[in-house]
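A.B. asks: First the structure, then my questions, so here it is.
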Amino acid sequence: LVLAEVSDRVVQIDGVGDARAIWLEVPRFASKTRVHNTGLLILGVYAPQVGHPTEDRRRFWKQRCAEYGKLRSRPRYAGWEVLVAGDFNVHFGYLCEANRRYERALDREVLGMIRESSGFGCVVGNPQGQRTHTSGTVIDIAAASCHINVQVVLGTAAGLSSDHGRLDITVQGGVQAS
């Protein structure tokens with residue numbers, strides 16, 4: 001999930017997450033605009049797919065927002081930036097034409113959770129039109145706090161048997177993940 005150069009500083013956070021979501025911390029990192037004296041919270045997700053009950057999918061994202069709120073309330077994580085990445089299994093319509101066809105109310109609700117300060121307060125880093133799935137859609141997504149500059153590039157999944165592309169995510173000047 002993270003580049004070897006920072007892997008010795010990455011710690012899994014206990015008491016949050018589940019089989020589909022993992023929270024990690026990276027203390028003190030640098031971004032393009034500044035050296036952060038705090039750190040970076042990383043949430044890796046494999047959200048329930050279309051076909052699961054809508055309420056289960058909604059509950060997954062609400063639980064992640066609640067966990068983030070719980071973490072932000074801890075003095076250790078006050079002011080930390082956040083990166084949310086993985087298989088979101090949602091279709092944000094503005095990312096590509098295929099997503100516009102599949103987008104539903106829940107997808108727009110999840111986008112609100114990602115963007116709004118009452119949720120994660122993040123900006124989606126995926127370039128528009130860069131499909132991440134063999135269906136021609138964008139469901140593998142990286143979103144980060146608006147104070148950090150994140151670059152997302154679709155890498156090759158060489159040697160992997162998957163219908164998903166690999167996201168190469170770089171926090172400018174700092175953490176790198178695949």
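The values are calculated or read from the model by the stated rules, or taken from the named source; none is laboratory data. From a predicted model like this one, the values you see are computed outputs, not experimental measurements. Neighbour counts run over all protein chains shown; Cβ positions are idealised from the backbone, glycine included. Heavy atoms of the whole protein, side chains included, go into the accessibility calculation; ligands, DNA and RNA do not. Shrake-Rupley method; radii C 1.70, N 1.55, O 1.52, S 1.80 Å.
A.B. asks: Which strands (runs of 3 or more DSSP E) sit wholly inside segment 117-168 and have at least 3 residues that are β-branched (Val, Ile, Thr)?
C.D. replies: In segment 117-168, the matching strands (runs of 3 or more DSSP E) lie at 150-155.
Residue-by-condition table, conditions (1) modelled with pLDDT of 95 or more; (2) more than 23 Å from His164 (Cα to Cα):
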residue	(1), (2)
Val2	no, no
Val6	no, yes
Glu25	no, yes
Phe29	no, yes
Lys32	no, yes
Arg59	yes, yes
Gly69	yes, yes
Tyr94	yes, no
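A.B. asks: Going by the structure shown, is Arg104 in contact with a Leu (Cβ under 9 Å, 6 or more places away or on another chain), without any contact (Cβ under 8 Å) to a residue 60 or more places away in the chain and open to solvent by 20 Å² or more (accessible area, probe 1.4 Å)?
C.D. replies: no
A.B. asks: Looking at segment 129-136, can you tell me whether even one residue there is under 30 Å from Asp8 (Cα atoms) and at pLDDT 85 or above?
C.D. replies: Checked segment 129-136: at least one residue is under 30 Å from Asp8 (Cα atoms) and at pLDDT 85 or above.
A.B. asks: Another question, if that's okay. If Leu160 satisfies all but one of (1) surrounded by 13 or more Cβ atoms within 10 Å (Cβ to Cβ); (2) at pLDDT below 85, what's the number of the condition it fails?
C.D. replies: For Leu160, the exception is condition (1).
A.B. asks: Can you work out which of the residues in segment 36-65 that are in a loop (DSSP other than H, G, I, E, B) and open to solvent by 10 Å² or more (accessible area, probe 1.4 Å) is farthest from Leu106 (Cα to Cα)?
C.D. replies: Asn37
A.B. asks: Here is a follow-up. Within segment 88-99, is there a residue that is open to solvent by less than 50 Å² (accessible area, probe 1.4 Å), closer than 22 Å to Gln130 by Cα, of a type in the set (S, T, N, Q) and not in a strand (DSSP E or B)?
C.D. replies: Within segment 88-99 (the criterion being open to solvent by less than 50 Å² (accessible area, probe 1.4 Å), closer than 22 Å to Gln130 by Cα, of a type in the set (S, T, N, Q) and not in a strand (DSSP E or B)), the answer is yes, since at least one residue qualifies.
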